[in-house]
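For reference, the structure discussed in these notes is given below.
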Amino acid sequence: MFAAPLGSVSASPSSFLSQIASIGPSYAPSTSTSSSLVLHMPLSQSSSGLLHTLSPPPESVGRARVHVNLQQTFQRNRNCLIRSRNWAGRFVGLSKNPSTKAAVITATSSAASVCIGPALEVQEIRERSNKWQWNQYSINYFVSDYQLQQQPQSRSSPVVLLVHGFGASIPHWRRNISTLSQYSTVYAIDLLGFGASDKPAGFAYTMETWAELILDFVDQVIKKPTVLVGNSVGSLACVIAASDSSRNLVRGLVLLNCAGGMNNKAIVDDWRIKLLLPLLWLFDFLLNQRIIASALFERVKKRDSLRNILSSVYGNKESVDEDLIDIIVEPANDEGALDAFVSIVTGPPGPSPVELMPKISVPVLILWGDEDPFTPLDGPVGKYFKKLSMEVSNVSLFVLKGVGHCPHDDRPELVHEKLLPWLAQLPAL
């Protein structure tokens, strides 16, 4: 159910229709590969609210990296890899001018021990999941706090809620839950219409509905202010939720390649999308024909089709494994999955993050894969977030080199490198 990027779709109608089966909620296409960026600043300036990068320096430029006490120890009793490093001193950019440095996010402590937990088995996640009744619908969720018995949680450690993107579900976070739960209680949720949550027939899906679901879940299940971590349309749902300051339920916001809307129609200020709009309207018309929609959906969810689509979305092709295919295919076979697919692709795109971000005052961390064909850095959404991170103090952005649309599953170690120290430096409640 992941979609091929519009950047790979020809502007000619015949070519477009021949590839129509691989289109879903994709966004502002890129005509060229986005390059990694780094912002330099004088040593005397603050490093908050700026654009960062995890790009490795080219061999032709001297490395200015500070290595401190890097140890790797395999602990048999915990089955995890310990990495100790000075987060505040780690250099993540390049500088040819010795009077400048790359801006970095620092943790509250000078050093942090990061326990890299093993990926959870998909079946284990499904067996340990719970159900919550939201209105008249059954919502599937997962909570991981078993490791707190071994390592007591700090009173200020934030609770984290993971929110997946289009076509995905809780197991899409299988490579993150164990690591994050070393430091926090971790929740993950299947949005209505996805995973093991209900997929009501004829339901009109909207971004606002998912945002309301997230806030109600935090209020009724978690019951304390929570850090929302979202990917793709899950990110946008979290942005909408965080913009509702009246409920005071969001402690922080982490966006992984945030979508500009629920579907293509959200991006109207990009000339490439404007050229394709008539074809997108035709696509919507065809999807509203039940026979055509069913045939198209069956084609999209074939394993070979999904493997090809995912390979175009991930920078690290090794992460596109059979488990990932299963994570997407199995819920797509549920009754109501076709209705969800059609409603999401043809429905209203919802509010834009450009409209909502000025309303958000909580700390925001943005991690962006630079090889994302759905929401590329040179598209309207990517450009907006880059600019925003240089203008406001509560927003920081890191560009992840060689990473696609789903950074947490594509290169989880890069996400953990930036997410864990950011969580550690959040203000105490």
Would you mind counting up the charge near Asp216? Only other residues with Cβ under 15 Å from its Cβ, with Lys and Arg at +1 and Asp and Glu at -1.
-2
Sorted by chain and number, the residues with a modelled amide H under 5 Å from that of Thr226, at a separation of 5 or more or across chains, are Val250, Arg251, Gly252
What list of ³J(HN,Hα) couplings, whole Hz, do you get for the range 187-192 from phi and the Karplus terms 6.51, -1.76, 1.60, once you set θ to phi - 60° and write x for glycine and proline?
10, 9, 9, 8, 4, 3
In the structure displayed, which of Lys359/Lys418; Lys199/Lys224; Lys223/Lys302; Lys223/Lys387; Lys224/Lys418 lie more than 32 Å apart, Cα to Cα?
Lys223/Lys302; Lys223/Lys387
Amide H partners (placed H, <5 Å) of Ser138, local residues excluded:
Asp198
Cα gyration tensor category, rounded, prolate or oblate, for the range 122-425 with a/c compared to 1.5:
rounded
Sequence order, the range 133-142: Karplus ³J(HN,Hα) from phi using 6.51 cos²θ - 1.76 cosθ + 1.60, θ = phi - 60°, Hz rounded, Gly and Pro as x, gives 8, 10, 6, 9, 10, 8, 10, 8, 8, 9
Under the Karplus relation with 6.51, -1.76 and 1.60 and θ = phi - 60°, whole-Hz ³J(HN,Hα) for the range 382-397, x at Gly and Pro, equal x, 4, 4, 5, 4, 5, 4, 5, 9, 10, 10, 7, 8, 10, 10, 10
Net charge contributed by nearby residues that have their C-beta within less than 13 Å of Ser319 (K/R +1, D/E -1)
-3
Descending semi-axes in Å of the range 304-429, equivalent ellipsoid built from Cα gyration tensor:
28, 20, 15
For Gln425 and Arg303, FRET efficiency with R0 = 45 Å and r from the beta-carbon atoms, rounded to 0.05?
0.60
For Lys401, the aspartates and glutamates lying under 12 Å Cα to Cα, once residues fewer than eight places off in the same chain are dropped, come out as Asp370, Glu371, Asp372, Asp410
Out of residues 5 or more away from Gly369 or on other chains, whose amide H comes under 5 Å of its own, with H placed 1.01 Å from N in the peptide plane?
Asn257, Leu400
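Here, each number is a calculation from the coordinates, and none is a lab measurement. Treat the numbers as computed from the prediction; the structure is a model and nothing was measured. Note: ideal-geometry Cβ built from the backbone for every residue, glycine included; neighbour counts use all protein chains shown.
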